[in-house]
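The values are calculated or read from the model by the stated rules, or taken from the named source; none is laboratory data. These figures come from a predicted structure and were not determined experimentally. All Cβ positions, glycine included, derive from the backbone under ideal geometry; neighbour counts span all protein chains shown. Accessible surface is based on the protein model in full, side chains and every heavy atom, while ligands, DNA and RNA are left aside. Shrake-Rupley method; radii C 1.70, N 1.55, O 1.52, S 1.80 Å.
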Amino acid sequence: MSSWKSLLLRLGEKCPEYAGNADFKDQIEACYSAVRRELEHSGDDIFPFLLQCAEQLPHKIPLYGTLVGLLNLENEEFVAKLVENAQINLQDALETGKCNKIRILMRFLTVLMCSKVIQPSALVVIFECLLSSSATTVDEEKGIPSWQARADFYITCILSCLPWGGAELVEQVPEEIERVMVGVEAYLSIRKRVSDAGFSVFEDIEETNNAVNEKDFLEDLWSRVQDLSSREWKLDSVPRPHLSFEAQLVAGKSHDLAPVSCPEQPGPSGVLSGIAFGRQKHEAELKYPQRIRRLNIFPSNKTEDIQPIDRFVVEEYLLDVLLFLNGCRKECTSYMVGLPVPFRYEYLMAETIFSQLLLLPQPPFKPTYYTLVIIDLCKALPGAFPAVVAGAVRALFDKIADLDMECRTRLILWFSHHLSNFQFIWPWEEWAHVLDLPKWAPQRVFVQEVLEREVRLSYWDKIKQSIENTPALEELLPPRGGPQFKYSEEDGTDPTERALSVELKDMVKGRKSAREMISWVEENVFPAHGFDITLRVVVQTLLDIGSKSFTHLITVLERYGQVIAKICTDDDQQVKLISEVSSYWQNSAQMTAISIDRMMSYRLISNLAIVRWVFSSSNLDRFHVSDSPWEILRNAVSKTYNRISDLRKEISSLERSVVLAEEAASRARDQLDSAESKLSIMDGEPVLGENPVRIKRLKSYAEKAKEEEVSVRESLEAKEALLARAVDEIKVLILSLYKGFLTALAEPLNDAFRDGTLRPSGQADEMNIDLEDSSVMDLDKDDGGRPKKSHPNGSREINGYNLDGKQQWCLSTLGYLKAFTRQYASEIWQNIEKLDAEVLTEDAHPLFRKAIYCGLRRPLDE
């Protein structure tokens, strides 16, 4: 890397490039000297690289802004070009809806204003443009209120610039910035407050109205900016290196900044139906999502020394580093621990990372990324951060009963993965009390699921050893045994079935083909023994052959999957197939999920069969004590949804290819027509057409271009046909899924929550579901009728946990219902009319309707 590039990239860091000198003023001067020398020869390379540094290392924007200010004194033309490109990039980002680029470029322009590179009034013009667009959007008559998410984002961009340039704006253009502030206040008065219902990490079990009265994110940011204004725009978290060069910068020329324009309203104004409004609102929130939802999991005294606006700025720094350095773990960790702030922020850093890990409806990156970041931070700050992370885990564990079900699953997956990187060490004795709780208590289920996931990441004996200080927790470990093969020698099963199994194994060992095996089943097994025995023998035997490893399983399914497909031709038979797989792998939730998922991939099992099996009586009693059935259901729905997403991406790519192919074919045809229309002299006579050799070549090019166009069109038509079938498939799947939830929840909800709220209906009766182990859902008999009281660990009576099995079953199932609705809201909105007509009827329980409406962020009064 060139020396000037290295200096630009490492500006603001204590590094060898600056001889370990961490003083911002000295670094800026050194970088300025190096860049100035290269301007004449490498100016065209420097300005895009400098702009890229500012956009992708935004926590160092004040340093880059000051550097540009100094370069402006030396080369006005270079800086004018940089400002022009920043404005062009901003306009492009506005038109394409690139939220992060809009936000960062506005911050960069604000800092350039501080360094006298652009006029303050030019920045105010941009603010007013965004403000005007926002006010128009939320206007009931002229705008489209369903797109308030975009309007809120624009206002957030304006307010988030003020920590970086509010003082200069107030000093230089007080009337103009006051006009902007009044406009923001007016906007806040006409917009609708955004509720976090459905997207909140913690569910409000008691259904208080506190959430209605709380500020939303934009109102909270406005109050923080007002607090900053009352303190004369002084804050600790934003470095102001331009002040060290103020005497020099004031001599620079302030460049004109071309105005920007916001995109047109995304549709015609006017009153929309409830469904149309909901669809547009969902689309807007997907395109302009809220960046963070604060967790506040630590006591206030852990962050009380940080001013409100400083908290916001540090969150911005952390989120930017996570965003732009997601592919560079070590760099990401280094920047996160070295932010340009004069106070400690470990607790705030942990809260911010966990807020992203648990962000609903989905985190910006895969959860594994945040796991790796937390691991690296623990290693980078061994004396501080591990204790902070442990404190976060304890705080979340205390509130686990109120944690959203999807967030609970993410927390389980993260925690087990995290512990696997630290020898599975954890003070389990702190959580030994969960053994005194009912089997369905959220804290007990959490510990059980974490241990089960740890076994997946290691092996049973290792995890048992990790809890040796609390040996009683062994009760919560998953079963140790492997597969349960019904025809093992030790098993006293039917000798006829065992003989058939041995014969089938011999056929596999003898490399018999799937067709030969199908003939054997149809001629020798099915006629004599019927469907059930045939299915059991074939599935148990093939699974046992493939049980050694994942690769063995795949090989067996690829070679002999046709045999299973021939036996199980409809959903009823496939439900029995899934039950047989579950029986074989009853001691391994992981292998059960993997086997069913692979069978669905090979089209041996339909997604509808999986839905039916999950909601069958054999699984209902596990809904609140195990994640296993939900994992299988998630995999099935996700696979179907991802198939549609992939097809849409492929179609979008093919549509672009069609346009290119059409253009290429048109050019080739035009060249051929032009050549054929020209007069040329051959043997002294004028002849129509150019050289025959060239015309032949052009004809060949034109034919190939046309063939390519036809080929791409055919591919597009094929993909569109596949998409149409996939869309029909997911319509049926969604309806089946919600009918399954409706049927399963109807009776329990009416028994446990008769009044339609989450206040229990007194002493709930035993649940009317056939249970092999009735103790799973019964009230605890040892409680002795003692009065219930609140428990400090966040559980609910019987040692602080007071929900019976039926009530917890209902809450857990409703939580999963809301999670599925939220995750697949885009597809559900496309089929909402069907869902309203067949599922969300007047007979549906209010809590059932509420769970779905919350997942869709749909008003309950529709």
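List, in order, the whole-Hz ³J(HN,Hα) value for each residue of segment 456-473 obtained from phi through the Karplus relation with A = 6.51, B = -1.76, C = 1.60 and θ = phi - 60°; use x for Gly and Pro.
Coupling constants for segment 456-473: 4, 7, 9, 8, 4, 4, 5, 6, 4, 5, 5, 10, 5, 6, 9, x, 4, 5 Hz.
Of 713, 511, 240, 408, which has the most accessible area and how do the rest follow, probe 1.4 Å?
My answer, sorted largest first, is 511, 713, 240, 408.
In percent, what relative contact order does the chain have, based on Cα pairs under 8 Å that are 6 or more apart in sequence?
Once divided by the residue count of the chain, the mean separation gives 10 percent.
What list of ³J(HN,Hα) values in whole Hz, one per residue of segment 354-371 in order, does the Karplus curve 6.51 cos²θ - 1.76 cosθ + 1.60 (θ = phi - 60°) give from phi, with Gly and Pro shown as x?
Along segment 354-371, the couplings run 5, 5, 6, 4, 9, 5, 10, x, 7, x, x, 10, 4, x, 4, 4, 5, 4 Hz.
Where does the Debye-calculated log10 I(q)/I(0) of segment 1-101 sit at q = 0.15, 0.22 Å⁻¹, using only Cα point scatterers of equal weight, no solvent?
Those come out to -0.60, -1.18, one per q.
Per residue, how much accessible area does the chain have with a 1.4 Å probe, in Å²?
45 Å²
Among the aspartates and glutamates, which have Cα under 17 Å from the Cα of residue 81 when same-chain residues fewer than 8 positions away are ignored?
The qualifying aspartates and glutamates are 38, 40, 44, 45, 55, 92, 256.
Over segment 39-223, with every protein chain in place, what whole percent of the accessible area is carbon and sulfur at 1.4 Å, could you tell me?
47 percent
Tell me which residues come under 5 Å, amide H to amide H, from residue 403 once H is placed; ignore anything under 5 positions away on its chain.
For residue 403, the qualifying residues are 203.
Under the Karplus relation 6.51 cos²θ - 1.76 cosθ + 1.60, θ = phi - 60°, what is the ordered set of whole-Hz ³J(HN,Hα) values for segment 143-150, x standing for Gly and Pro?
x, 10, x, 5, 9, 4, 4, 5
Amide H neighbours of residue 587 under 5 Å, counting only residues 5+ apart in sequence or on other chains, H built in-plane at 1.01 Å?
So residue 587 has HN proximity to 484.
If amide hydrogens are placed 1.01 Å from N in the peptide plane, which non-local residues have theirs closer than 5 Å to the one on residue 118?
The list, which skips near neighbours in sequence, is 113, 255.
Enter the mean projected area of the convex hull around the alpha-carbon atoms of segment 464-553, in nm², rounded to one decimal.
8.2 nm²
With every protein chain in place, what's the accessible area of residue 508 (1.4 Å probe, Å², nearest 10)?
Residue 508 has an accessible surface of roughly 30 Å² with all protein chains in place.
Could you work out the pair-distance distribution P(r) of segment 495-605 from its alpha-carbon pairs, with 10 angstrom bin width and percents rounded to whole numbers?
14, 53, 31, 2
Could you tell me which of the pairs 192/366; 366/462; 281/399; 60/234; 142/281 are separated by over 24 angstrom between their Cα atoms in the structure shown?
192/366; 366/462; 281/399
Loop-only check: which GluC sites (Glu not before Pro) in segment 287-395 are DSSP coil with at most 10 other Cβ within 10 angstrom?
304
Need one word for the chain: rounded, prolate or oblate. Basis is the Cα gyration tensor (sqrt eigenvalues a ≥ b ≥ c); a/c below 1.5 gives rounded, then a/b vs b/c decides.
Oblate shape, in that a/c is at least 1.5 and b/c is the bigger or equal ratio.
Over segment 39-223, what is the relative contact order in whole percent, taking alpha-carbon pairs under 8 Å and six or more residues apart?
18 percent
In square angstrom, rounded to the nearest 10, how much accessible surface does residue 153 have for a 1.4 Å probe?
Accessible area, nearest 10 Å²: 30 Å².
Of the cross-linked pairs 464/576; 215/739; 464/818; 14/302, which ones have a Cα-Cα span greater than 31 Å in the structure shown?
464/576; 215/739; 464/818
Can you divide the C-alpha Rg of segment 381-538 by 2.2 N^0.38 Å and report the result to two decimal places?
Taking the Cα Rg and dividing by 2.2 N^0.38 Å, one obtains 1.55.
If 293, 329, 622 are ordered by their accessible area, calculated over protein heavy atoms with a 1.4 Å probe, which sequence runs from highest to lowest?
329, 622, 293
Which of the aspartates and glutamates could a cross-linker span from residue 706 if the Cα-Cα distance has to be under 15 Å and same-chain partners fewer than 8 positions apart are dropped?
662, 663, 670, 673, 714
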